[in-house]
Structures are given as structure tokens and as C-alpha cells.
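Here's the structure we're looking at; comments come further down.
Only the coordinates and a few stated rules stand behind these numbers; no lab work does. Predicted, not measured: the structure shown is a model, and the values here were computed from it. A quick note on method: Cβ atoms are made from the backbone with ideal geometry, for glycine too, and the neighbour counts reach across all protein chains shown.
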Amino acid sequence: MNGLALYEPAAEPASWRIALPHTTAAVPAARALVRTALAEVEHAADSDTAELLTAELVANAVEHTDGRGPIELVVELLPTGCRVEVHDPDPAPPGHLTRTVLEEPDVWQEGGRGLLLIRALSSSCGHRPTPSGKAVWFRLPVVPAQRRPA
């Protein structure tokens, strides 16, 4: 090898799963897990964007669920990028995440912009029912080497 480090995706996806407290302390804990997961394997997805979008999902889960069940963060590193899921006990779909919603949130209101941010910055996003509630997720692609900071 000529001394250049090339990103070579792992043959098997790596994943992390952690239960989070149903408090605002969950947000920095989730950001730290995503940052650590992406750094540990020198993954080429954009860590700053992954942290920001994870913080939005976790903050929404804390704010919009009643605390009757756990919040769980799942980070999966794939050869094509990363997938982050936040599981919560509320089966109701999140507002403004589905692409069929035409109504834009009022920019002067407190909520509603986070999920639009997730939709705008991720390569895909969505939600799915789980046996204990729902999972809200996003994917980020691998950033080409020439566009990564040195």
C-alpha cells in the first residue's frame, strides 16, 4: 500500500443498540453513540449530519411520548451508508414525516421543523410499526472521499 487510507466497507454490517432515558439527557447520549459508532469503524457517512438528525428523532421521542415505555436507539453501519432508528412506545406515526403531507409547518411555531430537516438531509426516512410502538428512521449515504474533510 502506498500510505493512503482507503475506505473499505465491512462485509457484515456493524450495529449498536442502546436504551435511552425518557428525559432530555437522552439527546446528548444518542449523539455520542452515533459519533462513537461512526468513528470506531472510520465510517464514511457524515457524522455531523448523523448526530443532528439523531438528536431530532430522540428529542421528538422524548417530547411526544408519555414515558410509559423505553426509547431505544439503533445505529447500523452498512456498506452504502448508515441507518439510524429510534424506537418509542407510541404507535402513532410522527407528524410531517410522510411525503404525502402537503402542509408545511408554521416557521414561527415551536415544533414541526425537525422532521422536515430529517426529510431534507437524509437519503431516505420513514417510520414503521413495531410490536411495542414504532420506529422512526433515516439513512445517510457514504460521503465520497473527495468531499470529506481532511
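Ranked by the mean number of other Cβ atoms within 10 Å per residue, highest first, peptides 121-129, 70-78 order as 70-78, 121-129.
Once the chain from THR130 to THR23 is taken as fully extended at 0.36 nm per residue, the excess over their C-alpha distance is 36.4 nm. With both labels modelled 7 Å from their Cα along Cα-to-Cβ, the GLU40 to ASP66 distance reads 3.5 nm.
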